[in-house]
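Student: For reference, the structure I am asking about is given below.
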Amino acid sequence: MRTVSKALLLGLVLAGLLASSAQASLNHSECRRLTRQIDHYGGVAEMAANRGDKLWLEGTLAHIQRLSDRRIRLCPEFDQPNQAEIMAKWMADVTKKAAKAFVRYLTFGAY
């Protein structure tokens, strides 16, 4: 009888571990989806600002805030700044500025 109860207990523990790992992977994919949506609506907000549509901009920024709040609630690890992404954006910006300066130098300021 003791071996049956131990096997049952072990089975329940394994089932719980599998369920929690499945939930973690669902949260991770949901967090990535929310991050993509936040990035997309950031571009939409920029477009609204460029067009001068105040109501569109306010609505888009409110939506971005709701998505961000949900992402923080589901996965707090995504709230931390991604230093690698920040450095990659900085390097891309520096490279772009250097390329423009180099072209300007090669064309003696004509371009």
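The values are calculated or read from the model by the stated rules, or taken from the named source; none is laboratory data. Keep in mind the model is a prediction, meaning the values are calculated, not measured. Methodologically, a virtual Cβ is constructed for each residue, glycine included, from the backbone with ideal geometry; neighbour enumeration extends over all protein chains shown.
Student: Under 9 Å by Cβ, and 6 or more places apart or on different chains, what pairs join a residue from segment 59-74 that is assigned by TED's automatic domain parsing to the domain that holds residue 44 with one that is assigned to a helix (DSSP H, G or I) and acidic (Asp, Glu)?
Tutor: 68/79; 70/30; 71/30; 71/79; 72/79; 74/30
Student: For segment 41-85, give me each residue that is part of a helix (DSSP H, G or I) and within 10 Å of the chain's Cα centre (by Cα).
Tutor: 68, 71, 78, 79
Student: If you don't mind, there's one more thing I want to ask. Go through 86, 72 for me and flag whichever is over 30 Å from residue 111 (Cβ atoms), exposed (fewer than 13 other Cβ atoms within 10 Å of the Cβ) and modelled with pLDDT under 90. Lay out the reasoning, then the answer.
Tutor: On the way: 72 fails: exposed (fewer than 13 other Cβ atoms within 10 Å of the Cβ).
When all the criteria are applied, what remains is 86.
Student: If I ask for residues that are in a loop (DSSP other than H, G, I, E, B) and among the small types (Gly, Ala, Ser), which ones from segment 86-111 would you list?
Tutor: 109, 110
Student: List the residue pairs whose Cβ atoms are under 6 Å apart, where the first residue sits in segment 83-107 and is free of Cβ contacts under 8 Å to residues at least 60 places away in the same chain, the second is not in a helix (DSSP H, G or I), and the two are 6 or more positions apart or on different chains.
Tutor: 103/111
Student: Let me ask something else about it. Condition check: among the aliphatic types (A, V, I, L, M) and touching a Phe, Trp or Tyr at 6+ places or on another chain (Cβ under 8 Å). Does residue 101 satisfy that?
Tutor: Numbers: among the aliphatic types (A, V, I, L, M): yes; touching a Phe, Trp or Tyr at 6+ places or on another chain (Cβ under 8 Å): no.
No: the conditions fail for residue 101.
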